[in-house]
């Protein structure tokens with residue numbers, strides 16, 4: 001079996017979201033269990049911001065429908081976008097089981113292209129969410145997306161953005177992580193942190209069991225810029241958004257702190 005080498009961000013995305021999406025399937029299934037609780041809390045915050053039942057919400061990086069499905073059940077008109085056809089097929093099946101076809105649609109493709117298409121045809125949303133969107137690959141692209149989203153959200157619309165807490169990552173930094181994907185597949189990640197540009201440089205190797213031996217079948221490298229909370233807030237403000245509130249955990253609505261693993265921040269579009 002020939003090992004495939006991948007060196008760009010696009011290659012990494014192609015490898016783990018299209019060719020071997022099962023690498024994240026177990027993690028997504030686990031997160032799905034919390035999705036309904038998080039969706040209720042998202043809805044409660046939305047409603048306080050006049051984003052209630054019947055409003056149109058864009059879910060970027062929707063995966064297997066962790067938030068799109070339960071929010072559609074609560075009456076929101078949802079559009080879920082993801083680059084993985086594998087994940088979207090699972091999401092569509094969940095939607096079909098719950099008879100949500102009139103309140104929920106799923107679109108496959110690159111989020112930058114899709115948002116640009118929304119803008120071209122004048123399609124707007126009352127709110128947008130981004131929980132699993134890969135920020136940090138390119139700072140210019142991150143700023144571009146924040147500005148693009150302001151163009152497809154209604155005036156005084158809302159943006160719920162989840163970002164990883166840089167301080168939590170550094171406090172819990174591990175140079176190596178090995179995960180068993182299945183009985184015959186394993187992924188190994190080696191990491192280093194560059195203090196000069198706040199970037200994690202990582203190399204990924206995918207192994208498969210072949211005749212009682214583990215053989216490397218693919219590898220990829222990835223560099224991700226970690227943002228501090230104030231950096232993200234400043235970028236969002238420069239893109240036309242105003243911070244409203246931030247939660248460290250959408251299951252409990254605990255406020256964001258230095259110890260929070262994620263920042264779930266609600267922004268409002270400036271008129």
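Worth a mention:
- Filter result for residue 46 (touching a residue at least 40 places away in the same chain (Cβ under 8 Å) and either out of contact with any strand residue (DSSP E or B) (no Cβ under 8 Å at 6 or more places or on another chain) or closer than 26 Å to residue 24 by Cβ (or both)): no
- Whichever residue in region 233-271 is assigned to a helix (DSSP H, G or I) and touching a helix residue (DSSP H, G or I) at 6+ places or on another chain (Cβ under 9 Å) and, among such residues, is farthest from residue 12 (Cα to Cα): 238
- Residue match in region 202-222 (condition: touching a strand residue (DSSP E or B) at 6+ places or on another chain (Cβ under 8 Å) and within 26 Å of residue 38 (Cβ to Cβ)): no
- When restricted to residues that are touching a residue at least 60 places away in the same chain (Cβ under 8 Å) and under 19 Å from residue 28 (Cβ atoms), region 94-130 contains 2.
- Condition met for residue 137 (under 15 Å from the mean Cα position of the chain (by Cα), touching a residue at least 60 places away in the same chain (Cβ under 8 Å) and surrounded by fewer than 17 Cβ atoms within 10 Å (Cβ to Cβ)): yes
- Residue within region 183-199 that is outside any strand (DSSP E or B), buried (at least 16 other Cβ atoms within 10 Å of the Cβ) and not assigned by TED's automatic domain parsing to the domain that holds residue 160 present: yes
The values are calculated or read from the model by the stated rules, or taken from the named source; none is laboratory data. Keep in mind it's a predicted model, so treat the numbers as computed, not measured. So basically every Cβ, Gly included, is an ideal-geometry build from the backbone, and we count neighbours across all protein chains shown.
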